[in-house]
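The structure under discussion appears below in the form of structure tokens.
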Amino acid sequence: MNIIVLVKQVPDTAEVKINRETNTLIRDGVPSIINPFDMYAIEEALRLREKHGGKVTAVTMGPPQAAEALKQAVAMGVDDAVLLSDRAFAGADTWATSYALAAGIRKIGTFDLVIAGKQAIDGDTAQVGPETADMLDIPFVAYIRKIEQVEGKKMVAERLMDEGYDVVETTLPALITVVKEINEPRLPSLKGKMKAKNLTVTAWNAKDINADDARIGLKGSPTQVVRIFPPAPRGNREMLSGSIDEQVGTVAKNLKGQSLI
Ligand SMILES: Cc1cc2nc3c(=O)[nH]c(=O)nc-3n(C[C@H](O)[C@H](O)[C@H](O)COP(=O)(O)OP(=O)(O)OC[C@H]3O[C@@H](n4cnc5c(N)ncnc54)[C@H](O)[C@@H]3O)c2cc1C
């Protein structure tokens with residue numbers, strides 16, 4: 001099986017700082033990590049390779065320092081890594097990001113499965129997986145918590161739902177996003193760390209992936225960030241105590257008092 005994993009480098013902080021003038025993330029001085037959900041994607045790709053053979057390639061679009069995330073993926077056992085990096089990619093929204101990723105994947109060649117995390121912990125949109133699948137014109141299944149079976153050009157998997165799960169069947173190649181319930185990511189091995197240390201990550205620019213200038217970076221982004229702000233702190237809070245019945249009674253009384261019920 002040839003598997004491609006989408007890996008995003010994100011700031012290792014819950015308190016993301018914003019540049020008020022450009023409305024972009026301030027990444028300087030903030031340590032970076034692999035998006036946690038992508039660790040599950042890497043682990044699942046490695047498990048599938050162990051079972052079915054083949055190759056796992058990690059791909060990221062980002063600044064040159066995103067190569068570090070790819071090296072970490074290689075240390076975990078990924079065979080190959082591709083960095084899509086070009087100043088022309090800067091300012092990309094999810095649509096332009098997905099366009100670049102799809103173009104990079106096409107250049108890599110034939111594949112059976114693309115695995116991404118369910119969402120990135122900084123951008124948080126969960127749009128890149130489905131958009132990339134659409135641009136590659138392949139089926140997309142979100143929130144995979146278990147891959148039950150892969151046979152030929154068919155895959156059966158469990159998709160996590162609010163209550164329970166669905167069993168879904170898809171043809172391959174397909175793109176799936178995974179949730180943390182799917183596995184327990186492994187630690188990098190010593191052999192993997194050595195390989196990563198000596199690795200020169202393959203880097204492709206916009207021209208290398210035949211990208212249309214009008215569809216990448218700020219120019220290719222149909223959405224623009226107008227304003228970013230932290231949510232205002234909520235007003236008065238009241239902690240309720242007592243039994244559930246007493247607490248429900250208090251809530252009902254308060255809502256009635258405000259003529260809300
Ligand atoms: C309206 C808008 C404007 C933006 N403008 C800017 C801007 O001007 N400058 C800027 O720096 N950022 C900007 N961003 C952020 C940037 O577009 C997103 O960080 C990026 O497109 C990924 O989206 P996300 O973080 O929501 O990922 P999600 O869609 O939540 O990620 C889901 C999964 O997709 C994969 N994935 C996501 N991004 C990548 C990637 N880059 N490489 C490989 N795999 C990936 C990962 O597997 C991840 O788990 C903007 C975002 C929006 C919504």
For the chain, what ratio Rg/Rh do Cα atoms give with a Kirkwood hydrodynamic radius?
1.06
When only Cα pairs under 8 Å and 6 or more residues apart are kept, what is the percent relative contact order across segment 2-215?
26 percent
For the residue pair Asn210 and Phe229, what label-to-label distance in nm results when each label sits 7 Å from Cα along the Cα-to-beta-carbon direction?
4.6 nm
Taking θ = phi - 60°, what integer Hz values does the Karplus form 6.51 cos²θ - 1.76 cosθ + 1.60 yield along segment 155-169, in sequence order, with x for Gly and Pro?
10, 10, 8, 9, 9, 5, 10, 4, 10, x, 8, 9, 9, 10, 10
Taking R0 as 22 Å, what FRET efficiency do you get between Glu148 and Lys107 from their Cβ-Cβ distance, rounded to the nearest 0.05?
0.10
Low-density loop GluC sites (Glu not before Pro), segment 1-102, at most 13 other Cβ within 10 Å, DSSP non-H/G/I/E/B, are Glu15, Glu21
Can you tell me how much longer the chain between Asp28 and Asn254 gets when fully stretched, taken as 0.36 nm per residue apart minus their C-alpha distance, in nm with one decimal?
76.7 nm
Within segment 127-177, DSSP-loop GluC sites (Glu not before Pro) with at most 15 other C-beta atoms within 10 Å are Glu163
Could you tell me what a quarter of the Cα convex hull surface of segment 106-261 works out to, in nm² with one decimal place?
17.3 nm²
Lys193 versus Tyr165: modelled label distance in nm, points set 7 Å from Cα along the beta carbon direction
3.3 nm
Say a site is exposed when it is one of the trypsin sites (Lys or Arg not before Pro), sits in a DSSP loop, and has at most 12 other Cβ atoms within 10 Å; what is then the longest site-free stretch of the chain?
21-152
Comparing Ala58, Ala232, Ala88, which has the greatest mean-square fluctuation in the GNM of the chain with Cα pairs linked when under 10 Å apart?
Ala232
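FYI, it's all coordinate maths here, none of it is from the lab. In this text the structure is predicted, and so the values were computed from the model without any measurement. Every residue, glycine as well, gets a Cβ built from its backbone with ideal geometry; the counts of neighbours run over all protein chains shown.
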